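S.K.: Have a look at this one before I ask anything.
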Amino acid sequence: MKKVLFISYGFPPMGGGGVFRITKFIKYLAEFGVEARVLTVKNHFYPYQDETLLQEIPNKVQVTRINYNDPACWIKARWWQSFLFYGYYPWFSISDQRVSWIKPAIAAAIQIIKKEKIDTIFTSFAPASDHLIAMEVKRQTGVNWVADFRDEWASTNYLTIPTPLHRDLIKDLEEQVAKTADKIITVSPPLTAYFAKISGNRQKCVTITNGFDSEDFSAKIDLLKRDYCQILYAGTFYGERSADTFNEAVSELNLPDLKVEFIGGKNQVEHSESVKLQQQADILLLVLSPNDRPAVFTGKIFEYLAARRPILCLAPKNTAAAHLINELGIGVVVEPTDKEGIKRVIKRMYEAWKIGALVIPRIDLKPYDRRYLTERLAGIFKSLPEIKAKLMLVANTLQPQVRNLADYLIKQNYQLYFVSLDGSKINNAQNYSLDQKKLVNYFTPWYLIAGFWQKYRALKKLRKIITEVKPDLIHSHVINFAGILAYYSGFSPTIVTAHGSDLMQIEKQPSFEQFLIRKTIQNADIVTGNSMALHKKALQLGINSKKWREVYFGIDLDIFKPKDSFSLKKELKFTDEKIIFSPRSLKPIYNIDVLLKAVAGLGNKNWKLVMIKRNQDEKYFQYLKQLITELNLEDRIIFLLNVDAQKMANLYNLSDVVVSIAQSDGAASTFLEAMASEAKIVVSDVEFVKEWSDGNFWVVPIGDEQKTTEAIEEALKISKTDFRLSGQKNRQIIADRAEINSSFKKFEEIYEELTK
């Protein structure tokens, strides 16, 4: 069964309309496959009590009651209570007088959610503090949140709001709640429209009215034969609602056999007795305020419906309550301040009573039955997505592979927190930055000191973020910074992912860096990499083979595929030139200088070299520009900026040959993308290439200019038509081994393994 935590200050033995709504939901939820858990208060300061409601709560429902420090309980004197409710709370508590239960409730709710593995919470307004608790619990845990509104908040007439500033603050909180909640339920269509506008999302707002419990009305109750006509009001008056005008009208009519009785408030009765008295009444009185807004749909109207007695409704005619009574033909609606109109209606109903004609039509009450309404609520709970682990991604920078993984995880309902060194951000994730500046030259004597200090600062900040977020697991990308930080943060479980040269070229790193990398891969919970070559290297560095998982970042075959690139060719103003494309960053490890020297030696002079200017090493880039000048290649080189995945795919298709001649590599994503696009590829003989090679691309020795030149020339001579079968073979290999969704599902399997 799906588990839902109800966070509610108001709960039996408290009474009142809001408590009835929650109690009846909980009573029937189990019938529809939902297990309710309740968090409420142990000692409360609440004026309405109804011990009989405790009998409505199924025995299987676990109820956690917590203590909280309510100032109203400190001193019982009336002057203190008046000060709190008319002075302190309106001015100093933006939510309501239940504000002091917020902090302990947040802590208790999070504990229950983690212990019981609950992924959905429910709160109902009022009090507003329940919603504020839920908003913070959702922020900390990522659970689904269904927010129920029985009234407006910022626009209501029943709150004491001392200043326009207070109202603005409440409006801001109301908007935050509306936008943060996953679903909003209200009790009337106008209220649903109100919150749809505030939230900006009509689809997440649903109307589930209040109702009546058919079991409360199952006993046959005969109408009493009185010698007077009884008008009964069941409930309490609050805010601007008052029976004064009605009482004046009755007094002026002075009908000897007309009697008005009020139950509730000072004349409080148990709910079961109230139900019985409603069914025995001749006329049921419903009173709203003349200033009640259209959204108002008072809860007692539905029990009045079930009592099947005529209703005298004093309410503005544009309210939801008035519309329902008129629509069903079950009573008469009069404006609350229209004393003469009230007198006429009372007289008319009184005359009908005298001749036994005070009846209402039979109507279908199923839409207002609590069991039916609870079934609808259960359907909403079940429709909410499963909330998965709270995952923190830590990365040196936002590489395309990391972004793709993040987008996938968000779609799979992981709660994603992204921590980057450079301030990169991911949409729909909570983003943090370690604000790391680039160090002085990697191999200067200062690096040891500067590198140690930089890692210390970053580690301190990461630990602070971890304390705030409380993730279920951490997944770090690129071992020689993010991976080291994640492991040395002391958090577990931790996954570290090697991207290639962070392991393959470990010997070129300073000795203290080598030590940190070794300790990280030896002690992290899981280490992943995208090639057998990386696995072999990790074993040499002392990893336990059981901790290793081979996972590719995966290629989106819907993007990287053979297609026409005419528009891009036109954009780049190409005519009949041969296009050589280098998809690698402008860094020494990718041997871009070797590529420049190789293309300079091509016998075919009708070509252009396209390169991507991203994540470049500035010193190396300046060297490349100088080399381009020396080789007289200025007119043959095109640097592109801000190339997204779609344009990258176009470039693979536009190219006559793709060149990737790195000094070391894991299974480079650009190499796999080119394979999926059926491009001709020249690649250096780094170790991972052997895992993909089947005579379907050109392999050259690392750093060999002459061999690179020869391979490029040979590839250029072969037409795309002649290469088609080899290209299709490459694409099928990617489909079988490195399709993006199947690859990322392997990461999911690791996450589930570590968070069981």
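S.K.: When the stretch 579-601 is examined, which residues are found to be of a type outside the set (Phe, Trp, Tyr) and either without any contact (Cβ under 8 Å) to a residue 24 or more places away in the chain or more than 19 Å from Gly500 (Cβ to Cβ) (or both)? If you could, list the steps in order and put the result at the bottom.
M.R.: First, the residues of the stretch 579-601 that are of a type outside the set (Phe, Trp, Tyr): 579-580, 582-589, 591-601.
Listed by number, the residues that qualify are Ile579, Ile580, Asp593, Leu596, Lys597, Ala598, Val599, Ala600, Gly601.
S.K.: Output the residues belonging to the stretch 547-578 that are without any contact (Cβ under 8 Å) to a residue 40 or more places away in the chain and in contact with a strand residue (DSSP E or B) (Cβ under 6 Å, 6 or more places away or on another chain).
M.R.: Hits for the stretch 547-578 are Lys547, Trp548, Glu577.
S.K.: For the stretch 508-546, enumerate the residues that are without any contact (Cβ under 8 Å) to a residue 24 or more places away in the chain and in a helix (DSSP H, G or I).
M.R.: Going through the stretch 508-546, the residues without any contact (Cβ under 8 Å) to a residue 24 or more places away in the chain turn out to be 508, 511, 514-515, 522, 535, 539-540, 543-546.
The answer is Lys508, Ser511, Gln514, Phe515, Gln522, His535, Leu539, Gln540, Ser545, Lys546.
S.K.: Scan the stretch 315-353 residue by residue and report those that are of a type in the set (Asp, Glu) and either more than 18 Å from Leu258 (Cα to Cα) or not assigned by TED's automatic domain parsing to the domain that holds Val296 (or both).
M.R.: Glu327, Glu335, Asp338
S.K.: Right, something else. Considering the stretch 5-22 alone, what residues qualify as being crowded, with 24+ Cβ neighbours inside 10 Å and over 15 Å from Asp130 (Cα atoms)?
M.R.: Within the stretch 5-22, Gly15, Phe20 qualify.
S.K.: In the set Pro310, Pro361, Pro294, which member is free of Cβ contacts under 8 Å to residues at least 40 places away in the same chain, out of contact with any His (no Cβ under 8 Å at 6 or more places or on another chain) and either assigned by TED's automatic domain parsing to the domain that holds Thr236 or more than 25 Å from Leu54 (Cα to Cα) (or both)?
M.R.: It is Pro361.
S.K.: With respect to Ile185, determine if the residue is buried (at least 18 other Cβ atoms within 10 Å of the Cβ) and within 30 Å of Gln415 (Cβ to Cβ).
M.R.: Spelling it out, Ile185 is indeed buried (at least 18 other Cβ atoms within 10 Å of the Cβ) and within 30 Å of Gln415 (Cβ to Cβ).
S.K.: If you check Lys680 against the conditions, is it surrounded by 24 or more Cβ atoms within 10 Å (Cβ to Cβ) and either more than 23 Å from Asn650 (Cα to Cα) or free of Cβ contacts under 8 Å to residues at least 60 places away in the same chain (or both)? Steps first, answer last, please.
M.R.: On the way: surrounded by 24 or more Cβ atoms within 10 Å (Cβ to Cβ): yes; either more than 23 Å from Asn650 (Cα to Cα) or free of Cβ contacts under 8 Å to residues at least 60 places away in the same chain (or both): yes.
So Lys680 fits the description; yes.
S.K.: Being part of a loop (DSSP other than H, G, I, E, B) and either modelled with pLDDT of 95 or more or over 42 Å from the mean Cα position of the chain (by Cα) (or both) is true for just one of Lys619, Lys605, Lys625. Which residue is that?
M.R.: Lys605
S.K.: Taking the stretch 609-634 on its own, how many of its residues are in contact with a Phe, Trp or Tyr (Cβ under 7 Å, 6 or more places away or on another chain) and crowded, with 16+ Cβ neighbours inside 10 Å? Write out each step before concluding.
M.R.: Looking only at the stretch 609-634, we keep the residues that are in contact with a Phe, Trp or Tyr (Cβ under 7 Å, 6 or more places away or on another chain), and these are 610-611, 613.
Still in the list and also crowded, with 16+ Cβ neighbours inside 10 Å: 610-611.
Of the residues in the stretch 609-634, 2 are in contact with a Phe, Trp or Tyr (Cβ under 7 Å, 6 or more places away or on another chain) and crowded, with 16+ Cβ neighbours inside 10 Å.
S.K.: Could you say which residue among Lys138, Lys115, Lys103 is at pLDDT 70 or above and farther than 25 Å from Thr23 by Cβ?
M.R.: On the way: Lys138 fails: farther than 25 Å from Thr23 by Cβ; Lys115 fails: farther than 25 Å from Thr23 by Cβ.
The conditions single out Lys103.
S.K.: Would you mind finding the one in Leu539, Leu557 that is surrounded by 14 or more Cβ atoms within 10 Å (Cβ to Cβ), hydrophobic (A, V, I, L, M, F, W, C) and out of contact with any His (no Cβ under 9 Å at 6 or more places or on another chain)?
M.R.: On inspection, the qualifying residue turns out to be Leu557.
S.K.: Another question about this same structure. Please specify each residue of the stretch 219-246 satisfying the condition of being within 19 Å of Gly356 (Cβ to Cβ), modelled with pLDDT of 80 or more and either not assigned by TED's automatic domain parsing to the domain that holds Pro336 or not in a strand (DSSP E or B) (or both).
M.R.: Lys225, Arg226, Asp227, Tyr228 - these are the residues of the stretch 219-246 that are within 19 Å of Gly356 (Cβ to Cβ), modelled with pLDDT of 80 or more and either not assigned by TED's automatic domain parsing to the domain that holds Pro336 or not in a strand (DSSP E or B) (or both).
S.K.: Hey, could you check the stretch 302-313 for residues that are in a loop (DSSP other than H, G, I, E, B) and touching a strand residue (DSSP E or B) at 6+ places or on another chain (Cβ under 7 Å) and say which is modelled with the lowest pLDDT? Walk me through it before giving the result.
M.R.: The initial filter retains those residues of the stretch 302-313 that are in a loop (DSSP other than H, G, I, E, B), namely 308-310.
Add one more test, that the residue is touching a strand residue (DSSP E or B) at 6+ places or on another chain (Cβ under 7 Å), and what stays is 309-310.
Numbers: Arg309: 92, Pro310: 95.
Applying the filter and picking the extreme gives Arg309.
S.K.: Filtering the stretch 690-743 down to residues that are within 24 Å of Ala533 (Cβ to Cβ) and aromatic (Phe, Trp, Tyr), which residue is modelled with the highest pLDDT?
M.R.: Among those that are within 24 Å of Ala533 (Cβ to Cβ) and aromatic (Phe, Trp, Tyr), it is Trp698.
S.K.: Any idea how many residues of the stretch 673-695 are under 19 Å from Leu725 (Cβ atoms) and touching a Gly at 6+ places or on another chain (Cβ under 9 Å)?
M.R.: The qualifying residues number 5.
S.K.: Pro510 fails exactly one of the following numbered conditions: (1) surrounded by fewer than 21 Cβ atoms within 10 Å (Cβ to Cβ); (2) touching a strand residue (DSSP E or B) at 6+ places or on another chain (Cβ under 8 Å). What is the number of that condition?
M.R.: Going through (1) surrounded by fewer than 21 Cβ atoms within 10 Å (Cβ to Cβ); (2) touching a strand residue (DSSP E or B) at 6+ places or on another chain (Cβ under 8 Å) one by one, Pro510 breaks only (2).
S.K.: To continue, here is another question. Can you pull out every residue in the stretch 314-343 that is crowded, with 22+ Cβ neighbours inside 10 Å, among the hydrophobic types (A, V, I, L, M, F, W, C) and not in a helix (DSSP H, G or I)?
M.R.: Leu314, Ala315, Val333, Val334
S.K.: Given the criterion assigned by TED's automatic domain parsing to the domain that holds Phe581 and in contact with a strand residue (DSSP E or B) (Cβ under 9 Å, 6 or more places away or on another chain), identify the matching residue among Ala645, Ala662.
M.R.: Residue meeting the stated conditions: Ala662.
S.K.: Could you check how many residues of the stretch 368-413 are free of Cβ contacts under 8 Å to residues at least 40 places away in the same chain and assigned by TED's automatic domain parsing to the domain that holds Val478?
M.R.: Looking only at the stretch 368-413, we keep the residues that are free of Cβ contacts under 8 Å to residues at least 40 places away in the same chain, and these are 383, 398, 403, 406-407, 410-411, 413.
Now narrow it down to the ones that are assigned by TED's automatic domain parsing to the domain that holds Val478: 398, 403, 406-407, 410-411, 413.
Final tally of qualifying residues: 7.
S.K.: Suppose the filter is modelled with pLDDT of 80 or more, in a helix (DSSP H, G or I), at negative phi and in the same structural domain as Lys115 (by TED's automatic domain parsing); does Tyr28 pass it?
M.R.: Working: modelled with pLDDT of 80 or more: yes; in a helix (DSSP H, G or I): yes; at negative phi: yes; in the same structural domain as Lys115 (by TED's automatic domain parsing): yes.
So Tyr28 passes the test.
S.K.: Restricting to the stretch 548-573, name every residue that is among the aliphatic types (A, V, I, L, M) and in a loop (DSSP other than H, G, I, E, B).
M.R.: Those that are among the aliphatic types (A, V, I, L, M) and in a loop (DSSP other than H, G, I, E, B): Val551, Leu557, Ile559, Leu572.
The values are calculated or read from the model by the stated rules, or taken from the named source; none is laboratory data. Since this is a predicted model, take the numbers as computed values, not measurements. Please note: Cβ atoms are built from the backbone with ideal geometry, for glycine as well, and neighbour counts cover all protein chains shown.
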